[in-house]
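Below is one structure, written out as structure tokens; the observations come after it.
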Amino acid sequence: MKALILVGGFGTRLRPLTFSCPKPCVEFANKPIVCHQIEALVKAGVTEVILAINYQPETMRESIERYCEEYGVSIVCSQETSPMGTAGPLALARELLTKDNPEGCFFVLNSDVICEYPFEEMYEFHKSHGKEGTIVVFPVDDPSKYGVVVSNEQKEVVSFVEKPKKFISNKINAGIYLLSNSVLDRIPLKPTSIERETFPLMAEDGQLCSLTLKSFWMDIGQPRDFLTGMELYLESLAQKSPESLNKGEGYLGNVLVDPSAEIEEGCLIGPNVTIAANCKVAAGTRIANSCILEGTTIAGNSWINGSIIGWKNKVGRWVRIESLSVLGEDVHVKDEVCLNGIIVLPHKEIKESELVQGKIVL
Ligand code: GTP
């Protein structure tokens with residue numbers, strides 16, 4: 001079975017992290033976002049994953065190679081010379097998708113959706129309804145910022161509207177599809193949107209069916225949603241494999257610390273925290289609702305809440321970082337500084353407190 005993952009977006013809403021690497025390579029719960037998807041695809045029987053790449057193919061390869069060896073999956077890159085949108089990359093990868101494909105269908109994923117991927121259930125459902133496409137949908141309270149899907153009782157999609165102004169349904173496009181090879185005949189080899197061009201026509205022809213996701217779901221393409229997705233993911237881990245979380249003195253709620261990270265005594269970490277490889281957290285530090293990326297050092301008695309601390313940061317003593325601050329790669333924060341909802345670009349040294357939420361330190 002084959003799968004194509006759309007990894008070519010610029011990830012502008014996840015800056016400053018995406019200044020350092022493409023969004024699919026940003027670590028979510030201590031491994032690249034896209035590796036969560038590849039791992040689940042492999043479990044469902046996928047043997048070849050096509051990455052639809054638009055920029056930085058080498059960075060992408062380097063950061064996921066180790067995982068792909070571990071999962072024993074073949075990774076093929078389909079490289080665009082200019083952005084092809086969310087459907088165009090399928091036309092470009094036509095040969096790769098259809099060659100040696102006895103199932104006659106393939107999975108397609110947006111690279112930034114996190115959930116308990118229902119690939120096996122999708123496959124069974126796709127075979128049972130016999131239409132050209134299966135789309136996973138997820139119910140949300142506020143569907144207005146998403147692609148909204150209206151289906152009939154037979155689960156056939158009757159309309160597909162991007163960011164509707166009026167309420168038409170609470171089910172949104174979860175960015176996970178299973179498509180028959182024939183869908184490729186509907187996609188021209190040029191920049192094309194699957195949401196705005198391909199799916200509305202498939203719905204009109206009665207060729208798209210929806211499957212409602214039963215697990216949590218989050219598009220983690222922006223910092224607030226990244227942290228919310230992390231909380232949901234950690235809760236799901238707590239239910240499914242509690243042994244993978246850190247427990248005991250110094251930990252509170254759901255916490256995931258890479259075994260190579262060093263946490264000194266007298267810290268309190270959690271709830272909803274991930275700490276990546278080679279981080280060092282000195283005594284007396286308090287971290288909650290935050291993601292600490294690889295190689296970061298936090299000196300003693302600091303307080304970090306609701307924030308993302310990028311790779312190889314150096315955070316001083318008695319520092320306070322909170323309210324959705326996002327620090328890019330290699331940021332140095334001096335002792336006693338307070339950052340309140342601040343975005344810091346890579347390679348900056350912060351010597352003074354910044355308290356006006358939303359400020360970007362260039
Ligand atoms: P923002 O810049 O923050 O909007 O992020 P994004 O560029 O990733 O856009 P968006 O989240 O809407 O993209 C949805 C999915 O399509 C993501 O998995 C992107 O990587 C992917 N994608 C968007 N545009 C392209 C493209 O031109 N080529 C390829 N291969 N993938 C794309």
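The values are calculated or read from the model by the stated rules, or taken from the named source; none is laboratory data. Quantities reported herein were computed from a predicted structural model and do not represent experimental measurements. All Cβ positions, even for glycine, are placed from backbone atoms using ideal geometry, and neighbour counts span all protein chains on display. Heads up: the accessible areas ignore ligands, DNA and RNA and are worked out on the full protein's heavy atoms, side chains in. Shrake-Rupley method; radii C 1.70, N 1.55, O 1.52, S 1.80 Å.
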With every protein chain in place, what's the accessible area of MET218 (1.4 Å probe, Å², nearest 10)?
-> 30 Å²
Projected-area mean, the stretch 1-126, by convex hull of Cα positions, square nanometres = 7.6 nm²
Estimated inter-spin distance, ARG196 and TYR55, nm [label 7 Å along Cα→Cβ] = 1.9 nm
Enumerate lysine pairs in the stretch 196-315 that are 8 or more residues apart or on different chains, then count those whose Cα atoms are under 20 Å apart.
-> 4
When ranked by the protection proxy of mean other Cβ atoms within 10 Å per residue, highest first, what sequence do the peptides 161-167, 200-206, 30-36 form?
-> 30-36, 200-206, 161-167
Mind scanning LYS31/LYS165; LYS145/LYS334; LYS163/LYS190; LYS2/LYS166 and naming the pairs with a C-alpha gap bigger than 29 Å?
-> LYS31/LYS165; LYS145/LYS334; LYS2/LYS166
Once normalised by the length of the stretch 1-132, the mean sequence separation of its alpha carbon contacts under 8 Å that are 6 or more apart gives a contact order in percent of 36 percent
Given 286-295, 330-339, the highest-first ranking by average Cβ count within 10 Å works out to 286-295, 330-339
Hey, if we sort LEU4, LEU256, LEU92 by accessible area with the 1.4 Å probe, largest down, what's the order?
-> LEU92, LEU256, LEU4
Heavy atoms only, probe 1.4 Å: what % of the accessible area of the chain goes to carbon and sulfur, would you let me know?
-> 49 percent
CD proxy, 222 nm, the chain: helix-only mean residue ellipticity via -39,500 (n - 2.57) per DSSP H run with n ≥ 4, per residue, nearest 500, stands at -6000 deg cm²/dmol
Find the accessible area per residue for the stretch 155-276; the probe is 1.4 Å, ligands and nucleic acids are left out, and the unit is Å².
-> 48 Å²
Highest mean packing first, using Cβ neighbours within 10 angstrom, the peptides 305-318, 240-253 sort as 305-318, 240-253
Give the accessible area for ARG15 in Å² (nearest 10); use a 1.4 Å probe, count only protein heavy atoms, and leave out ligands, DNA and RNA.
-> 110 Å²
Simple spin-label model, 7 Å along Cα-to-Cβ: ASP335 to LEU362 in nm?
-> 3.2 nm
What's the FRET efficiency of ARG66 with THR212 using the Cβ-Cβ distance as r and R₀ = 41 Å, to the nearest 0.05?
-> 0.75
Value of relative contact order over the chain, rounded to a whole percent, pairs C-alpha under 8 Å and six or more apart | 13 percent
Along the three principal axes, how long is the chain when you take its alpha carbons, biggest first, rounded to the nearest angstrom?
-> 62, 45, 40
